[in-house]
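Heads up: the structure comes next, in structure tokens.
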Amino acid sequence: MRNILLLPVFLVALHQLVAAQDGAISGPTTSASAAGYSCDPNKCILPSCNCASTNPPGGLSPSEVPQFVVFTADDAIQSYTLDSVNQFLAQRKNPNGCPIKMTYFTSLNYTNYTLVTDWYVAGNEIADHTMTHVGSPPADEINGNLIALNALAGIPLDSIKGFRAPYLNYTADTFHLLAAADFTYDSSTAASIPVTDQDTDAYWPYTLDYGLANDCLTVDNICKGQPQLPGFWEIPMYAFFDELGVNGPHLMDPWLDAANGASAVNDTATLEYMKSTFTAHYSGNRQPIGLYTHPIHLSTTYPGVDPPNSTIQMLNQYLDWLQEQQDVWIVSNEQLLAWVQNPVPVSQLDTVEALKCPTPDVDPTLHICNGVPINEAGLLQECAFSDFPFFTCYGCPEVEVSPMNPNPPQQVPQGQKARFRLPANCSTPFWDPIAGNCLCVSDDCAFTDNSRPIGPNGANLTGGGTGDNITGGSATAVPTYVNFNGAGAAGFSSNDPIRFVSGLAGGIVGAIAALTFIDL
């Protein structure tokens, strides 16, 4: 355990926030000489220690290793950002039949807390991205986010394992703050040299027992053995590379970049270099590769954003192509790290609990505010703050949360009682914050595993991609997803800003049967 503004102003502020921090890099951010990295593999032993290495962990050969594709999103969680993620992931399954899980690095400005709860209960990883989205964050921004996510979204503190610095702007002190707050990993550094280069910095996730080995040319007081934080992991962000090679890297939202030194974005060129970079990983040491997104850029339900449908279709085509390859898994950072800590060959992936898809066995007729919208319909509380309105199961605070006050006292409406916050010994989908009752204790909560058997004996270890492909240069309509609770797809009404800002959205666990999609 860890010891209303006018709506147009709101929209402009949020869009400018995202547009300013696309995580672009223009060339190598490290070198072997700058890294000065040295690690003793005889002393650094899994699961608690791992040297920065381009070789697969556990001494496995690349042919025995899954090709992991990490999917992450940054910033606020809102209906329109989940719509954006869903158009790529909701219809997909991994080789074991499980829906795709992803990591959402959540900052709290503009975030709807009940959607954080729903997204977590649906099986996704919630990670820390500071409270107010500040680079080189102080402790109150990091720790305040933990406190608020736990208090108002019901995310167990032990489940918030990862951190990404806004703007990818971190310092050596950031790592010390994270380790002190009992985080498991950071994912803010770039792997900026192609895997085909002899001096590549595309390392498998590693611990900082012997210091950092990435970004050594761009951040002070790191590398050459610093910072030494035993057991604290770094999950590098793996860049794509266009025809310019090491001089043509693309990191976050690469589809926003012009490829090959051109002056305009070209979806065909982007798809080509994304496939080429993936192939270099897949045919080499199978270091993970990632899709690191700011969902608002490709949201089709956010007013004022008109994403090119061809780009959305191109990304679905890329994901379809990935899932046609053997042993490709689209995962969260948490799932990736679970495998790295205890690596097994593809023939034994059935034993990896993190890759399964357990669904909480909660009676759908129960009326409890638990992050499963079919249970919680009508029970959410609306916190109508002028700056950041939101909904929550856990009681509206008297004042807006802030780094100085991340867990204010509750408002208690007349005739009602204060809501009970999630205790340490209960799992989120089984907690009733109105009655203060746990449907089970943490060690006997009932989950149904919906994964199908995989492994040797000729099993088909490809995933299930059903995205729309680009055909003949034209794109088909992008599906919009119906909310968990059966309400209509999120829409915008200038007469109802709270509902727009805080509308419910679906998650991606197929066992929650209310999740469907419709073509517009």
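Observations
- In the assembled protein chains, GLU272 presents an accessible area of approximately 110 Å² (probe radius 1.4 Å).
- DSSP assigns beta bridges within the stretch 49-346; of those with both partners inside it, close to 25 percent run antiparallel.
- Potential lengthening between ALA446 and ASN425 on full extension [0.36 nm per residue; Cα-Cα distance subtracted]: 6.1 nm
- Rounded to the nearest 20, the Cβ-based charge dipole of the stretch 49-346 about its Cα centre (Lys and Arg +1, Asp and Glu -1) stands at 480 debye.
- Close amide H contacts of HIS367 (hydrogens built in the peptide plane, cut-off under 5 Å, sequence separation of 5 or more or a different chain): none are found.
- Between LEU366 and ASP199, the FRET efficiency estimated from the beta carbon spacing at R0 = 45 angstrom works out to 0.20.
- Whichever lysines have a C-alpha closer than 28 Å to that of LYS275, once near sequence neighbours (fewer than 8 apart) are set aside: LYS93, LYS101, LYS356
- Geometric descriptor of the stretch 49-346, per residue, is 125 Å³ (volume of the convex hull of the Cα atoms).
- Debye-formula intensities of the stretch 62-117, expressed as log10 I(q)/I(0) at q = 0.15, 0.18, 0.30 Å⁻¹, are -0.52, -0.69, -1.28 (one equal scatterer per alpha-carbon, no solvent).
- Cα convex hull volume per residue for the stretch 107-265 (Å³): 134
- Applying the Karplus relation 6.51 cos²θ - 1.76 cosθ + 1.60 with θ = phi - 60° to the stretch 126-133 yields 3J(HN,Hα) values of 9, 10, 9, 9, 6, 6, 10, 6 Hz, where x marks Gly and Pro.
- For ALA190, residues with placed amide H under 5 Å, excluding near neighbours: ASP215, MET237
- Shape summary: the stretch 234-378 maps onto an equivalent ellipsoid whose semi-axes, from the alpha-carbon gyration tensor, are 32, 25, 12 Å in decreasing order.
- Sequence of VAL362, VAL70 when ordered by accessible area, the most exposed leading, probe 1.4 angstrom: VAL362, VAL70
- Simple point charges give the picture: +1 on the Cβ of Lys and Arg, -1 on the Cβ of Asp and Glu, and for the stretch 70-210 a dipole about the Cα centre of about 560 debye.
- Ratio of the Cα radius of gyration of the stretch 185-233 to 2.2 N^0.38 Å, where N counts its residues: 1.11
- Taking the Kirkwood radius as Rh and the Cα radius of gyration as Rg, the stretch 331-450 has a ratio of Rg/Rh equal to 1.07.
The values are calculated or read from the model by the stated rules, or taken from the named source; none is laboratory data. Just so it is clear, the structure is predicted and the values come from calculations on it, not from any experiment. Ideal geometry is used to build each Cβ from the backbone, glycine not excepted, and the neighbour counts take in all protein chains shown. Accessible surface areas use protein heavy atoms only, side chains included; no ligands, DNA or RNA. Shrake-Rupley method; radii C 1.70, N 1.55, O 1.52, S 1.80 Å.
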